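Shown next, in C-alpha cells, is the structure this report addresses.
Every read-out reported here was derived from the displayed coordinates using simple, explicitly stated rules and does not represent laboratory data. Just so we're clear, the structure is a prediction, and the values are computed from it rather than from any experiment. In this analysis, Cβ positions are derived from the backbone assuming ideal geometry, glycine residues included, and neighbour counts consider all displayed protein chains.
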Amino acid sequence: MTDRILMCAPHHYDVDYVINPWMEGNIHRSSRDRAEAQWNQLYEVLKTHAEVVLVEPQKGWPDMVFAANAGLVLGDQCVLSRFFHPERQGEEPHFQKWFEDNGFTVHTLPESLPFEGAGDALIDRAGHWVWAGYGFRSELDSHAYLAKWLDVEVVSLRLVDNRFYHLDTCFCPLKDGYLMYYPPAFDDYSNRLIEMRVPEDKRIVIEEVDAINFACNTVNVDRVVVMNKASEALTKALGDRGFKVVETPLTEFLKAGGAAKCLTLKVNEARQATPQSSTIESRTILMEGHLLDSGLVNRALDTIVAGGGSFQVLSFDLGKQRQDSSRAEVKVSAPDDSVMGDIMGQLVDLGAVTMPDEEAAISAALEGVVQDGVAPDDFYVTTIYPTEVCVDRQWLRVEGQRMDGAIAITQDKGQSVAKCKLLRDLLEGEEVVVGSKGIHTIRTAPSLKKKMDDFSFMGAGVSSERRVELVVDQIAWDLRQIRDRGGKVVVTAGPVVIHTGGSEHLKNLIRGGYVHALLGGNAIAVHDIEQSMKGTSLGMDMKRGVSVHGGHRHHLQAINTVRRHGSIAKTVEAGVLKSGVMYECVKNNIPFSLAGSIRDDGPLPDTKMDLLEAQADYARLIEGADLILMLSTMLHSIGVGNMTPAGVKMVCVDINPAVVTKLSDRGSVESTGVVTDVGLFLSLLVQKLGKLTGQYAQV
Ligand code: ARG
C-alpha cells in the first residue's frame with residue numbers, strides 16, 4: 001500500500017510568536033520565498049515515494065504548515081489535537097474539517113487536556129503500540145484516551161530537554177523495527193522503556209549535531225529516509241542498515257522548530273495492532289493546610305514531575321485571609337503502577353491524601369512479618385507527622401508516632417490497632433503496612449497550628465546572632481507558660497554546656513522547676529561532677545580559664561569516686577557530691593538518662609552502655625513533652641529528634657550552624673534553631689526568666 005501523506009502549503013507561514021526555543025530570536029526572520037521553495041522541494045521528493053494530499057492553509061495560523069500536529073490517525077480513527085498554546089488552537093477546526101471530510105471518525109479530547117497529534121505520538125513500525133511523548137506539549141493523561149479510542153497500547157515517554165519539545169523532534173521509528181533517536185532528550189525511566197522494547201541492534205542512537213539538525217524529524221517511506229540534513233556518520237549508520245538518506249534543506253522551518261516530519265502527517269496508518277490498553281494510572285489527591293506559606297504545593301508538584309509523573313491542578317482554593325488554610329485537588333498521573341507507587345509514597349509524606357471518593361477503594365496494603373525484627377521489603381517508613389492508615393475501610397490513628405518506624409496492625413479485643421514500631425520490635429505474624437496506599441499524614445492538625453501560632457515569630461528557621469535575644473524572650477515566655485500549666489520540658493545537653501560556664505544557669509533552671517527530664521551522655525555528667533568536685537572541667541580551671549597541674553586526671557578521679565558509691569544519687573546521698581547539674585537533678589527528683597558511647601571513659605555507673613536500653617529510656621522520658629531544649633549536642637539531639645513526633649516544640653542551640661540546620665530540617669514548623677554559644681544562651685535565658693518572675697538571676 002502506498003503511503004498517503006497530508007501536507008499544508010506554507011502560504012501563510014511565518015515565525016510570529018515564540019512557543020519553543022527555536023523560535024526565539026527568529027520572529028519574522030524567515031523568508032517566505034525560501035520557505036516556499038524548500039517546502040516545494042520536500043513535496044516533490046515525497047511525491048516520488050508516496051501520495052501527497054493537501055489541506056488548505058489558513059491565514060492567521062502560520063504554524064498550520066506543520067501538519068504532523070493535526071492529530072493522530074490509526075485506521076479510520078483520528079484523535080484531533082488540542083494545542084497547548086493558544087497561538088495554535090485556532091488550527092483545530094480546520095484540521096477537524098479535513099479529517100471529517102475525508103471519512104475519519106474524529107475524537108476530541110476534554111478541553112483542558114493538551115495533546116499535539118503525531119508530533120507527540122508515533123506508531124511503532126514493527127511493534128503493536130504507539131509511542132507517546134509528554135512533558136512539554138501533550139499531557140500524560142491524554143495518552144489514556146489514545147489507548148481507549150484507538151484501541152492500542154500506548155507507551156509513554158517523558159521529554160526533558162525543551163529543544164526537543166515534541167516526540168518527533170528526537171525519536172523516529174523506522175521500517176522493520178528500527179528506531180533512530182536521541183537518548184538525552186528523555187528521562188532515565190523512558191530510556192529504560194525504549195531499551196526494553198527495541199533490541200540494541202535495532203537502535204540507531206544519534207549525536208547532538210544531528211539532533212539539532214532535526215535528523216530525527218524524518219519522513220520514512222519504506223527504505224528511504226527524507227530529512228533536512230545528516231552527518232556523514234549518520235548517513236553511514238543508516239546506510240549500513242539498508243536505509244537511503246535523501247537530504248532536502250528545511251532551514252526556514254527549523255526557525256519555527258520543525259522540519260520534514262513535522263511538515264507531514266501519514267493518514268493511512270494501517271491498523272496492525274493487537275488491541276491493548278495503556279498502563280497509565282491516575283489518582284486524585286487532596287492537600288490541605290498552609291500550602292503556600294509552607295511551600296508544600298510546590299514541593300508536591302516538583303515531586304510528581306521529578307518522579308516521572310505528570311499532574312493537573314483540578315482546583316486550588318486559597319482561602320480569603322492570611323490565616324485561612326488552602327486546599328488543592330491535584331490529579332496525578334504516572335506511566336505505570338510502580339512509578340505511581342513511588343510518587344504517592346513521597347506525596348503522602350507531604351501530607352497528601354487520596355480523594356475521599358477514592359478512599360473506599362484504597363485500604364492500606366498489609367504484609368505479614370515472617371521474621372522477628374525484620375519488616376517486609378516495601379514497608380512504609382513513618383515520619384514525625386501524625387498518621388492515619390485505612391484498614392478495612394476504617395481510618396486508624398497510628399499510636400506512638402515517630403520517624404523511621406514501620407506501622408504494625410495488631411488486634412486488640414477484636415479491634416484493629418495501628419502502632420508505630422521500630423524494626424527491631426516487629427514480631428513474627430504481625431501485619432505491616434506496605435506501599436503508600438491508604439496512608440494519610442497530617443501536616444497541620446489543629447493542635448499543631450495552635451502551637452505554631454504562639455511560637456510564630458520564630459518560625460522554622462535558624463536565628464542569627466542579632467535575633468538570639470528575641471528568640472530567648474520567646475523561649476523564656478514559653479518555659480514559663482509550660483511550667484505554670486504543669487507541662488513538660490525535656491533538656492538534652494552536651495558537655496559544652498559545662499565548658500562554656502552554662503552549668504550555673506542550667507542548675508537554676510532545674511531549681512526553678514523549668515526542667516522535667518535531662519538527657520545526655522556520660523560526658524556531661526562526668527564534666528559536671530568534675531567541676532563540682534575539683535573546680536575544673538576536663539582539667540581546666542573554670543574560674544581562671546587556665547589548665548591546672550595534673551588536671552587531666554580530674555575527670556577520671558570524679559568517675560572513680562562515683563563508681564565507689566555505686567551511682568550519682570548515692571554519691572549525693574553520701575554528701576560527697578554537693579553541687580552541680582546532676583546534684584540538682586537528684587535533689588529535685590528530676591529523672592535523667594545517660595546514654596553511653598564508644599568514647600566514654602569510665603563510664604559512670606548510671607550510664608547505659610546497652611544502647612537499645614538507652615533508646616528505650618530516652619523514649620520513655622520524652623513521652624508527653626511539650627518542649628525539648630537541645631543544648632550543644634549533635635548526637636543526643638538528633639537521637640531525640642528521631643524519636644519525637646511532630647507537634648513537640650524543639651529548640652536547638654549550638655555554635656555549629658550545621659547541627660542547628662540539621663535539626664530544623666525535619667521540616668516541622670515547631671523546631672527552632674539558635675546558632676550561638678550555649679553558655680551565653682543559658683545566661684540570657686535565666687536572666688529573662690528572672691525578669692519575668694520579677695527576680696533578677698533568681699528564676
Ligand atoms: N512552531 C511549531 C510549534 O512550536 C513547530 C511545530 C513542529 N511540529 C512538530 N511536529 N514537531 O508548535
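Mind grabbing the base-10 log of I(q)/I(0) for segment 375-433 at q = 0.18, 0.22, 0.25 Å⁻¹? Debye formula, identical points on the C-alpha positions, no solvent, two decimal places. Values returned for q = 0.18, 0.22, 0.25 Å⁻¹ are -0.55, -0.83, -1.06.
Between Asn589 and Asp151, full extension at 0.36 nm per residue minus the direct alpha carbon distance yields a gain of 150.2 nm.
Quick one: order Ser537, Ser597 by neighbouring beta-carbon count within 10 Å, fewest to most.
Details: Ser537 23, Ser597 15.
Placing the least packed residue first, the sequence is Ser597, Ser537.
Taking packing as the residue-averaged number of other Cβ atoms within 10 angstrom, the listed peptides 217-227, 306-316, 136-146, 364-374 run from highest to lowest as 136-146, 217-227, 306-316, 364-374. If you take every DSSP beta bridge whose two residues both sit in segment 361-427, what share of them, in percent to the nearest 5, is antiparallel? Around 90 percent of the beta bridges assigned by DSSP in segment 361-427 are antiparallel ones.
Under the 0.36 nm per residue contour assumption, what length would be gained going from the current alpha-carbon distance of Glu207 and Asp240 to full extension?
Residue separation times 0.36 nm, minus the Cα-Cα distance, leaves 10.2 nm.
The per residue volume of the convex hull around the alpha-carbon atoms of the chain is 221 Å³. Cross-link reach is defined here as a Cα-Cα straight distance under 22 Å, omitting same-chain residues fewer than 8 places apart; for Lys47 the lysines meeting it are Lys175, Lys229, Lys244, Lys261, Lys266.
Here Lys662 is the anchor, and the lysines within straight C-alpha reach of less than 19 Å, apart from those fewer than 8 places off in the same chain, are Lys649.
At a 10 angstrom cut-off on C-beta neighbours, averaged per residue, how do the peptides 149-160, 243-254 rank from highest to lowest?
In descending order of packing, they fall as 149-160, 243-254.
Taking other C-beta atoms within 10 angstrom as a stand-in for reagent exposure, Ile498, Ile559 fall in the order Ile559, Ile498, fewest first.
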